[in-house]
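Asker: Got a structure for you, questions after.
The values are calculated or read from the model by the stated rules, or taken from the named source; none is laboratory data. These numbers come from a predicted model, not from an experiment. Quick reminder, even Gly has a Cβ in these numbers, built from the backbone with ideal geometry, and neighbours come from all protein chains shown.
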There are 2 protein chains.
Amino acid sequence: MPAADRIRDHAAQGAATTVAAHRARRRLRADRARQLADLLRRQLLTGAFADGPLPHEDLLAADYRASRNTVRQALDLLRAEGLVDRLPGVGTVVVARKYPHGLDRLMGLAETLREHGRVSNEVRTMGPAPAPAPVAERLRVPAGADVLYIERLRRLNGLPLSLDLTYVPLDIGTALLDADLENTDVFRLLETITGRPLGHAEITLEAVNADAHSAAVLQAPRGAAVLMLERLTHLDDGRPVDLEFIRFRGDRITMSGLLRRSG
Amino acid sequence: MPAADRIRDHAAQGAATTVAAHRARRRLRADRARQLADLLRRQLLTGAFADGPLPHEDLLAADYRASRNTVRQALDLLRAEGLVDRLPGVGTVVVARKYPHGLDRLMGLAETLREHGRVSNEVRTMGPAPAPAPVAERLRVPAGADVLYIERLRRLNGLPLSLDLTYVPLDIGTALLDADLENTDVFRLLETITGRPLGHAEITLEAVNADAHSAAVLQAPRGAAVLMLERLTHLDDGRPVDLEFIRFRGDRITMSGLLRRSG
């Protein structure tokens, strides 16, 4: 290899090494920021920071043995999630609160959030409609039989929390038409109407990006992460009475529970 | 009001009514598309459609008593979620599959997905590090004591599924350093190392939008919805041994379980 080429080659290798090293450093920094953000998120959600601004970046850096840059980057991640904001002259403040929905017991929204405020429901649609096959099958009604379909936007203390699509067999659903759906969980109404307690529910949880229309209804940014809950609820005698598709705003709800190793 | 003004006023009102009616129609269409998409999503996830393309739009429209426009819009929503795609000359095909993670029993990823394929783990970081206060407190080790920190990218049949950050007390963690973490759940290793079964775990689930770096690691689009699981796992004697922050790709994982009304 001619000397000029060798030199060029060395220079290129040097540049490549620098780029690789730079990328590795950036990756490491991002990994550390994520790690710290997860710890801080937990602290925010459990109210570990007293009211008012978060501790100063220097203090957080010392407490978490992180660099100031990592602290800043971690706070940026939490800001992008809408959990904190940076106010000039004040510092970083908690701006959003997530409410814990129980995963241990089958509960309606107003029940599970009772201590956090008042749940109100805007009924967007309500009426009988022929059940599509997968709804009929799960509610054990003849295919095409009418079921009651309800669509509600649910709020906690006025803030949109979830968009719920609900199917109820019509023999029970008819009584719901005159019920106070604005202020009462469907769960409680079902127990009153049937005179039986609910028994169990099969649930499935997913994280999805909100489509434009769902986002608009929930007053969330387009593409916002949504915790999607599908739930088929049965009376205590095993009859399925309530099929729901619920979109919770990801920035306002957490689901907590206890799992055991042995069944 | 002069006649000309009255006419203008009427015309304006007419236009306003038309705009309002148009908006109402569009809203109704979007609501119906969401409703249908939720039913189809369920069918897709449970494998109700045979292999190959979905039934033709006309057939879906008849089956679900929806207009063709609604069917098309519902399929667009599922396409935006990455669940289906439209192939010219073929129709709509299922392109993504979501794997069910059990919510009823405390299980490791390889355990819960055993029937779906092989889980492999890329260890991105592993080593002892001083425990920040919230980690020390939850693992019941002295603040600042070293804990083992592990960061893994977990794959099912080669596809990125989750990014897991794990903290383990060092007396147990040291044995993990030589273990086959690439191919074995931490849960199983903890039981082998301690000679005790795991007991229970406190879990919290959230939906968040992936930050740019996490998205890149998970090979998901920036902002993709992520199912975030925080889990503190205890041995059967109650000792906390494993604190994890897990980001599941929202388009690849569902969590399913059973809830009961009475505790």
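Asker: Given the residues B:Asp38, B:Asp146, which is the only one that is touching a Phe, Trp or Tyr at 6+ places or on another chain (Cβ under 8 Å), modelled with pLDDT of 90 or more and acidic (Asp, Glu)?
Answerer: Going through B:Asp38, B:Asp146 in turn, just one is touching a Phe, Trp or Tyr at 6+ places or on another chain (Cβ under 8 Å), modelled with pLDDT of 90 or more and acidic (Asp, Glu): B:Asp38.
Asker: Going by what's in this entry, would B:Ala33 be described as modelled with pLDDT under 85 and outside the structural domain of B:Val226 (by TED's automatic domain parsing)?
Answerer: Considered against the rule, which asks whether it is modelled with pLDDT under 85 and outside the structural domain of B:Val226 (by TED's automatic domain parsing), B:Ala33 comes out as no.
Asker: Follow-up. Restricting attention to the stretch B:147-175, and to residues there that are outside any helix (DSSP H, G or I) and surrounded by fewer than 16 Cβ atoms within 10 Å (Cβ to Cβ), which single residue is nearest to the chain's Cα centre (by Cα)?
Answerer: Once the filter is applied, the top-ranked residue is B:Leu159.
Asker: Next up: Condition (residue is surrounded by fewer than 18 Cβ atoms within 10 Å (Cβ to Cβ) and touching a Gly at 6+ places or on another chain (Cβ under 6 Å)) applied to the stretch B:237-250: is it met by at least one residue?
Answerer: no
Asker: So which residues in the stretch A:223-235 are within 16 Å of B:Ala207 (Cα to Cα) and assigned to a strand (DSSP E or B), if there are any at all?
Answerer: Of everything in the stretch A:223-235, those that are within 16 Å of B:Ala207 (Cα to Cα) and assigned to a strand (DSSP E or B) turn out to be A:Ala225, A:Val226, A:Leu227, A:Met228, A:Leu229, A:Glu230.
Asker: Which one of the conditions (1) over 15 Å from A:Ala96 (Cα atoms); (2) buried (at least 20 other Cβ atoms within 10 Å of the Cβ); (3) of a type outside the set (Val, Ile, Thr) does A:Leu45 fail to meet, given that it meets all the rest?
Answerer: (1)
Asker: For the stretch A:236-260, name all the residues that are more than 8 Å from chain B (Cβ to nearest Cβ), in a strand (DSSP E or B) and over 22 Å from A:Ala80 (Cβ atoms).
Answerer: The answer is A:Pro240, A:Val241, A:Asp242, A:Leu243, A:Glu244, A:Ile246.
Asker: Against the condition farther than 25 Å from B:Leu78 by Cα, under 27 Å from the mean Cα position of the chain (by Cα) and at pLDDT 95 or above, how does A:Val241 come out, does it pass?
Answerer: yes
Asker: Could you list, in sequence order, the residues of the stretch A:96-113 that are closer than 30 Å to A:Leu77 by Cα, within 12 Å of another protein chain (Cβ to nearest Cβ), touching a Ser or Thr at 6+ places or on another chain (Cβ under 9 Å) and not in a loop (DSSP other than H, G, I, E, B)?
Answerer: The answer is A:Tyr99, A:Pro100, A:His101, A:Gly102.
Asker: Conditions: (1) over 18 Å from A:Arg42 (Cβ atoms); (2) in contact with a His (Cβ under 7 Å, 6 or more places away or on another chain); (3) in contact (Cβ under 8 Å) with a residue 40 or more places away in the chain. B:Pro240 meets all but one. Number of the miss?
Answerer: (1)
Asker: I'm told B:His213 meets every condition in (1) within 7 Å of another protein chain (Cβ to nearest Cβ); (2) more than 26 Å from A:Arg32 (Cα to Cα); (3) buried (at least 17 other Cβ atoms within 10 Å of the Cβ) except one. Can you identify the failing condition by its number?
Answerer: So the condition that B:His213 fails would be (2).
Asker: Looking at B:Thr233, B:Thr184, B:Thr204, which one is among the polar types (S, T, N, Q), touching a residue at least 60 places away in the same chain (Cβ under 8 Å) and either at the interface with chain A (Cβ under 9 Å from one of its Cβ atoms) or within 29 Å of A:Asp104 (Cβ to Cβ) (or both)?
Answerer: After ruling out the rest, the residue left standing is B:Thr233.
Asker: To continue, here is another question. Would you be able to say whether some residue in the stretch B:68-83 is assigned by TED's automatic domain parsing to the domain that holds B:Ile172 and hydroxyl-bearing (Ser, Thr, Tyr)?
Answerer: no
Asker: Within the stretch A:114-121, identify whether any single residue is under 25 Å from the mean Cα position of the chain (by Cα), more than 10 Å from chain B (Cβ to nearest Cβ), assigned to a strand (DSSP E or B) and of a type outside the set (Gly, Ala, Ser), and answer yes or no.
Answerer: Yes, the stretch A:114-121 contains at least one residue that is under 25 Å from the mean Cα position of the chain (by Cα), more than 10 Å from chain B (Cβ to nearest Cβ), assigned to a strand (DSSP E or B) and of a type outside the set (Gly, Ala, Ser).
So that you can scan it fast, the table gives a plain yes or no per residue for (1) under 27 Å from B:Ile203 (Cα atoms); (2) among the β-branched types (Val, Ile, Thr); (3) within 27 Å of the chain's Cα centre (by Cα):
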position: A:Leu28; (1), (2), (3): no, no, no
position: A:Ala37; (1), (2), (3): yes, no, yes
position: A:Gln43; (1), (2), (3): yes, no, yes
position: A:Phe49; (1), (2), (3): yes, no, yes
position: A:Gly52; (1), (2), (3): no, no, yes
position: A:Ser67; (1), (2), (3): no, no, no
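Asker: A follow-up question, please. Yes or no: the stretch B:69-87 includes at least one residue that is more than 11 Å from every other protein chain (Cβ to nearest Cβ), out of contact with any strand residue (DSSP E or B) (no Cβ under 8 Å at 6 or more places or on another chain) and polar (S, T, N, Q).
Answerer: yes
Asker: Would you tally the residues in the stretch A:187-201 being among the charged types (D, E, K, R) and either outside any loop (DSSP other than H, G, I, E, B) or more than 14 Å from chain B (Cβ to nearest Cβ) (or both)? Talk me through it step by step, then tell me what you get.
Answerer: The initial filter retains those residues of the stretch A:187-201 that are among the charged types (D, E, K, R), namely A:188, A:191, A:196.
From the residues that got through so far, the ones that are either outside any loop (DSSP other than H, G, I, E, B) or more than 14 Å from chain B (Cβ to nearest Cβ) (or both) too are A:188, A:191.
Residues meeting the conditions: 2.
Asker: Starting from the stretch B:129-158, keep only residues that are at the interface with chain A (Cβ under 9 Å from one of its Cβ atoms) and on the phi > 0 side of the Ramachandran plot, then list their pairs with residues that are hydrophobic (A, V, I, L, M, F, W, C) and buried (at least 20 other Cβ atoms within 10 Å of the Cβ) whose Cβ atoms are within a distance under 7 Å, requiring at least 6 positions of separation or different chains.
Answerer: These pairs meet every condition: B:Gly144/B:Ala131.
Asker: In the stretch A:17-55, which residue that is free of Cβ contacts under 8 Å to residues at least 12 places away in the same chain and in a loop (DSSP other than H, G, I, E, B) is nearest to the other protein chains (Cβ to nearest Cβ)?
Answerer: A:Ala48
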